[in-house]
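First the structure, in the form of structure tokens, and then the observations on it.
Values quoted throughout were computed directly from the atomic coordinates according to the rules given, and no laboratory measurement underlies them. Quick caveat, the model's predicted, so the values are computed rather than measured. Using ideal geometry, Cβ is built from the backbone for each residue, glycine included, and neighbour counts are taken over all protein chains shown.
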Amino acid sequence: MGRAESSCALGSNLTTAQPAWFRAPATGDLHFASRIPGVVDQGRTIDTLTADLDGEPRPQGAGFDIGADEFTEQPATPLWLNRYSCGVPMGHAEDFNIQHSTSNIQ
């Protein structure tokens with residue numbers, strides 16, 4: 001029996017996650033790198049949970065994904081802008097990499 005005579009039941013937990021499942025776990029990017037069987041569309045349905053940690057709608061597929069991130073097939077796409085399109089003065093050779101989500105372009 002738990003604290004103050006309470007109890008709980010744990011379910012739909014995943015305890016076998018692998019670092020390779022995530023984009024960059026060493027730097028804290030825990031977005032799924034690819035579709036993981038047993039994770040994607042395998043979580044419990046929670047009617048009041050309508051968005052993931054990025055604010056993207058849940059679910060994205062046939063069901064909720066396990067975890068705080070909802071996997072999408074369309075990750076953020078790098079948009080490359082050169083120094084001229086950004087108004088950077090001549091003599092600056094670096095380019096700029098701006099991450100954006102194609103779902104936010106209007």
Positive minus negative residues near F22 (Lys, Arg vs Asp, Glu; Cβ under 10 Å): -1
Contour excess over end-to-end distance, with Cα ends at A68 and A33 and 0.36 nm allotted per residue: 11.2 nm
